[in-house]
Amino acid sequence: MATFSAQISSRDGRPFGAYVARPDAPNGHAIVLLQEIFGVTATIRRVADSYARDGYLVYAPDLFWRLQPGVELGHSKEEIQRAMALLREFDDDAGMADIEQAVAYIRAQPGFSGGVAAAGLCLGGKLAYLACARGIVDAAVSYYGVGIEAHLDEAQQLQCPIILHFGTHDSYVPATAQEAIAAALADHPKANVHFYDQAGHGFYTRGDPKHIQSAHDATEAFLRTHLNGKQP
């Protein structure tokens, strides 16, 4: 596996960075990995690397570049406060435009003809859902997407298959939000919602190993199934 940085042009021509993990044994498909509120951190890079080991070309774009390029925050009280401040400043529509640019950049790579999925955690989980609803990607994976419940008016517009993962003890996506999301997607043929008993927010990167493995296995099966139609 090779890792490096890439520069992608925004719609107005300004560049923004992306961490790239290129697999040794590519399966022909790609993932745009969408960050948490802490930036493209070592945690996000590890997730990117894990998907690259599964054969995916992975791009993790810096979605906070307009606010603080290259920001990487931890989980101290002060850094969480800073991350929450960045979230309040973040423009979803600008972020969606950047995701669309990242997808276009991947599709333009020489020899690439596979499917492109969005996978996101926390903030990125909501953005992956929106990327699915707005027809930007071929499949979407949402890990504990914060704020999806505010966009359920787009639930019936989902244009690609999507899998959503929630921990039942997630204080940032509480039971009321999870219930609303599940109800809105219950009869949607493209949506598959998974719940992880006793898991909290962020469980995919810092939770119980059995939950991590279960979510990863479900995501891998989902991507294999739904990107097959885009097989190069």
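Does at least one position in segment 34-41 carry a residue that is on the phi > 0 side of the Ramachandran plot, modelled with pLDDT of 95 or more and under 17 Å from the mean Cα position of the chain (by Cα)?
Here is the first cut: in segment 34-41, the ones on the phi > 0 side of the Ramachandran plot are 39.
Checking which are modelled with pLDDT of 95 or more leaves us with 39.
The next check asks that each one be under 17 Å from the mean Cα position of the chain (by Cα); those that pass are 39.
So far as segment 34-41 goes, yes, one or more of its residues are on the phi > 0 side of the Ramachandran plot, modelled with pLDDT of 95 or more and under 17 Å from the mean Cα position of the chain (by Cα).
Within the group ALA155, ALA150, ALA140, which residue is touching a strand residue (DSSP E or B) at 6+ places or on another chain (Cβ under 6 Å) and closer than 17 Å to ASP92 by Cβ? Spell out how you get there, then give the answer.
Working: ALA155 fails: touching a strand residue (DSSP E or B) at 6+ places or on another chain (Cβ under 6 Å); ALA150 fails: touching a strand residue (DSSP E or B) at 6+ places or on another chain (Cβ under 6 Å).
Answer to the check: ALA140.
Residue check, GLY111 against (1) at pLDDT below 95; (2) in contact with a Pro (Cβ under 9 Å, 6 or more places away or on another chain); (3) farther than 21 Å from ILE8 by Cα, all met but one. Which one?
(3)
Would you mind telling me which numbered condition in (1) exposed (fewer than 13 other Cβ atoms within 10 Å of the Cβ); (2) in contact (Cβ under 8 Å) with a residue 24 or more places away in the chain; (3) in contact with a Pro (Cβ under 6 Å, 6 or more places away or on another chain); (4) of a type outside the set (A, V, I, L, M, F, W, C) GLN7 fails?
(2)
Go through segment 11-37 and count every residue that is within 19 Å of GLY70 (Cβ to Cβ), small (Gly, Ala, Ser) and either buried (at least 17 other Cβ atoms within 10 Å of the Cβ) or in contact with a Leu (Cβ under 7 Å, 6 or more places away or on another chain) (or both).
Of the residues in segment 11-37, 2 are within 19 Å of GLY70 (Cβ to Cβ), small (Gly, Ala, Ser) and either buried (at least 17 other Cβ atoms within 10 Å of the Cβ) or in contact with a Leu (Cβ under 7 Å, 6 or more places away or on another chain) (or both).
I'd like to know if segment 142-150 contains one or more residues that are charged (D, E, K, R), out of contact with any Phe, Trp or Tyr (no Cβ under 7 Å at 6 or more places or on another chain), part of a helix (DSSP H, G or I) and farther than 22 Å from GLY202 by Cα. Lay out the reasoning, then the answer.
Here is the first cut: in segment 142-150, the residues charged (D, E, K, R) are 149.
Next, from what is left, pick out any that are out of contact with any Phe, Trp or Tyr (no Cβ under 7 Å at 6 or more places or on another chain): 149.
Narrowing further to those that are part of a helix (DSSP H, G or I): 149.
With farther than 22 Å from GLY202 by Cα added as a condition, the list becomes none.
Within segment 142-150 (the criterion being charged (D, E, K, R), out of contact with any Phe, Trp or Tyr (no Cβ under 7 Å at 6 or more places or on another chain), part of a helix (DSSP H, G or I) and farther than 22 Å from GLY202 by Cα), the answer is no, since none of the residues qualifies.
Here are LEU73, LEU67: which of them is free of Cβ contacts under 8 Å to residues at least 40 places away in the same chain and surrounded by fewer than 19 Cβ atoms within 10 Å (Cβ to Cβ)?
Numbers: LEU73 fails: surrounded by fewer than 19 Cβ atoms within 10 Å (Cβ to Cβ).
Just a single option satisfies the conditions, and that option is LEU67.
Would you please list the contacts, defined by Cβ atoms under 7 Å and residues six or more apart or on different chains, that run from a residue in segment 143-158 that is of a type in the set (Gly, Ala, Ser) to a residue that is in a helix (DSSP H, G or I)?
Between residues of segment 143-158 that are of a type in the set (Gly, Ala, Ser) and residues that are in a helix (DSSP H, G or I), the close pairs are GLY145/GLY125; GLY145/LYS126; GLY145/ALA128; GLY145/TYR129; GLY147/LYS126; ALA155/ALA184; ALA155/LEU185.
Residue by residue through segment 97-123, note down the ones that are among the small types (Gly, Ala, Ser) and out of contact with any Asp or Glu (no Cβ under 8 Å at 6 or more places or on another chain).
Quick first cut of segment 97-123, residues among the small types (Gly, Ala, Ser) only: 97, 102, 104, 108, 111, 113-115, 117-120.
Within segment 97-123, ALA97, ALA102, ALA104, ALA108, GLY111, SER113, GLY114, ALA118, ALA119, GLY120 meet the criteria.
Can you find a residue in segment 167-188 that is aliphatic (A, V, I, L, M), out of contact with any Ser or Thr (no Cβ under 8 Å at 6 or more places or on another chain) and closer than 20 Å to LEU87 by Cα? Show your work before the answer.
Of all residues in segment 167-188, those aliphatic (A, V, I, L, M) come to 173, 175, 177, 180-186.
Narrowing the set further to residues that are out of contact with any Ser or Thr (no Cβ under 8 Å at 6 or more places or on another chain) leaves 173, 177, 180-186.
With the extra rule that they be closer than 20 Å to LEU87 by Cα, the set shrinks to 173, 177.
Within segment 167-188 (the criterion being aliphatic (A, V, I, L, M), out of contact with any Ser or Thr (no Cβ under 8 Å at 6 or more places or on another chain) and closer than 20 Å to LEU87 by Cα), the answer is yes, since at least one residue qualifies.
Identify all residues within segment 61-107 that are among the hydroxyl-bearing types (Ser, Thr, Tyr) and in a loop (DSSP other than H, G, I, E, B); write none if there are none. Give the steps one after another, and end with the answer.
Here is the first cut: in segment 61-107, the ones among the hydroxyl-bearing types (Ser, Thr, Tyr) are 76, 105.
The answer is SER76, and nothing else.
The values are calculated or read from the model by the stated rules, or taken from the named source; none is laboratory data. Bear in mind the structure is a predicted one, so any value in this text is a computation, not a measurement. Every residue, glycine as well, gets a Cβ built from its backbone with ideal geometry; the counts of neighbours run over all protein chains shown.
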